[in-house]
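First up is the structure itself, then whatever we jot down about it.
Bear in mind that the values in this text are calculations on the coordinates, not laboratory data. Predicted, not measured: the structure shown is a model, and the values here were computed from it. Positions of Cβ are generated from backbone atoms using ideal geometry, with glycine treated the same way; all protein chains shown enter the neighbour counts.
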Amino acid sequence: MTNNRPATVIVASRLFTPEVGAASFRLKALVDGLAEGSSEVCVLTTRPPKGSPAFTAPYRLSRWPVLRDAGGNVRGYLQYLSFDGPVFFRLLFSRADVVVAEPPPTTGVVAALTSVLRRRPFVYYAADIWTEALAATDVSPVIVKVMKVTEGLALRKAAKVLAISDAVADKVTAFGVPPERVALIGNGIDTGVFGPAGPVWRTDEPYFVYTGTMSEWQGADIFIRALPKVLEEHPTAAIHFFGQGSDESRLKELAAKVAPGRVHFGGVVPPAEAASRIRGAVGALVSIKPGQGYDFAKPTKIYAAAGCGTPVIFAGSGEGAAVVADNGLGETAEYDPSSVAAAMSKVLGRSAAGEDQGREARSRWVEENASLATCGRRAAAAVLSVLQS
């Protein structure tokens, strides 16, 4: 910065700590990285849901009421509008050297427009391609097309786009963004929370765990449909879901039909509690439904599970399957009940025989390759780089 003045950065996001979610963790790592570099940071975000734990930070947090759905999420067009409308004016009348925005793309467009009016650069954090996920749901093609135009506008107007993987970076450039404006920062988890050391949740039955978002494009129902076959060989096995999402009610209905009493839903839990559930599980379940245009995703569920030492069972193909298979993080399966059941039974058998010797290696790989703190510092450097041109 000129005159040796610290950079002033505003981060605009509908989600931030203490809300539980990959976006919250990612942005906190970014903000921590900016604060470490002596930047003055302000986060424009929402009031967390009732019952959320207290959170204090060495930077400024400006929270605003927001409309939430029945599950307490800021998800849906009215919910997004209830954040984007006020944040337009909050950004317009705030001083900053650079603004960072997260999806949805409407927030990116708001950040881009206010940045043009205030003559300052804006950075878009592309943790995924929003319209790819939207197209995988039961949404009108007209809405998908409109949102794709919106997402493309946000990406092209950004002085820098932060991409969490090579696959996301490729899709960003497909929107017409010059490659030199895309910064590859990686993705990861808080290894201080999702590590091998810590409390272990104990039960009298072997269980698999699924943590985080349950959306249609993830297709977590594949594990429930595979469970009856698993129970033929391992009658006490169970699945525990922790999290929420648009597909949760359908998963509950399916579980009641095909595996009554063997699938449990525990809602959203704090990260430390999720880690204890993962450590106690025989395996962690992760899926991406093929053919939905989302095979490029590398869900953070993979890193959280492997960081705790727990083997991952990945159902599907693409980037996520490759991460698991290439780095010895667990088992991969085709996206069909028989293949998934075979992988689940294999992990159960190995656990019962005490033959899972890979826990330490999995944790070490995550520490070396998927530390969220490292990704946050890399993202912070990319944000500040736009002020040096």
query: Mind ordering 144-156, 198-210 by average Cβ neighbours within 10 Å, highest first?
result: 144-156, 198-210
- prompt: Which lysines have a Cα less than 21 Å from the Cα of K160, not counting those fewer than 8 places away in the same chain?
  reply: K28, K148, K171
query: When D32, D69 are ordered from fewest to most other Cβ atoms inside 10 Å of their Cβ, what list results?
result: D69, D32
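Gain in length, A342 to L81, computed as 0.36 nm per residue apart minus the alpha-carbon separation, to one decimal in nm?
On the way: separation 261, 0.36 × 261 = 93.96 nm, distance 4.47 nm.
Between A342 and L81, full extension yields an extra 89.5 nm.
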query: Measuring from label point to label point, each 7 Å out along Cα→Cβ, what is the A381 to L184 span in nm?
result: 1.4 nm
message: Under a Cβ-only charge scheme (Lys and Arg +1, Asp and Glu -1), can you give me the dipole magnitude of the stretch 207-369 about the Cα centre, in debye to the nearest 20?
response: 340 debye
task: Quick one: order F93, F194 by neighbouring beta-carbon count within 10 Å, fewest to most.
output: F93, F194
Ordering of 47-58, 375-386 by packing [mean C-beta count within 10 Å, highest first]: 375-386, 47-58
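Where nothing but the Cβ of Lys and Arg (+1) and of Asp and Glu (-1) is charged, how large is the charge dipole of the chain around its Cα centre, in debye to the nearest 20? List each step's numbers first, then the result.
On the way: 41 positive and 37 negative charges, 303 e Å.
Approximately 1460 debye in magnitude.
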message: Give me the dipole magnitude in Debye, nearest 20, for the stretch 73-224 about the Cα centre, with unit charges on the beta carbon: positive for Lys and Arg, negative for Asp and Glu.
response: 1040 debye
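Sort T310, T131 so the one with the fewest other Cβ atoms within 10 Å of its own Cβ comes first.
Details: T310 31, T131 25.
Listing T310, T131 from fewest to most nearby Cβ atoms yields T131, T310.
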query: Looking at A220, G243, L162, which one has the Cα that reaches farthest to the positive end of the dipole of the chain (charges on Cβ: Lys, Arg +1; Asp, Glu -1)?
result: L162
message: Using only DSSP helix segments of four residues or longer, with each worth -39500 (n - 2.57), what per-residue ellipticity at 222 nm results for the chain after dividing by its residue count and rounding to 500?
response: -13500 deg cm²/dmol
statement: For the stretch 168-183, Karplus-derived ³J(HN,Hα) couplings (6.51, -1.76, 1.60; θ = phi - 60°; whole Hz; x for glycine and proline) come out as 5, 4, 4, 6, 5, 5, 5, 7, x, 7, x, x, 5, 9, 10, 10
statement: Simple SL model, points at 7 angstrom along Cα→Cβ for S52 and V142; separation in nm is 3.5 nm
query: How far, in nm, would the chain grow between E368 and E36 when pulled straight, counting 0.36 nm per residue and subtracting the alpha carbon separation?
result: 117.4 nm
message: Springs between alpha-carbon pairs under 10 angstrom, Gaussian network model over the chain: which of A158, A259, A126 fluctuates most?
response: A259
statement: Extension length gain for K257 and E232 (0.36 nm per residue less Cα distance), in nm, is 7.4 nm
query: In the stretch 306-389, which GluC sites (Glu not before Pro) fall in coil by DSSP and have 16 or fewer other Cβ atoms within 10 Å?
result: E334, E355
field: Distance between modelled label sites at V149 and R202, nm, 7 Å Cα→Cβ extension
entry: 6.1 nm
statement: Output row, site A325, 7 Å Cα→C-beta label point, backbone N cut-off 11 Å, window the stretch 287-316, residues 316
- request: Taking volume of the Cα convex hull per residue in Å³ as the quantity of interest, determine which of (i) 186; (ii) 133; (iii) 219 was computed from the displayed structure.
  value: (ii)
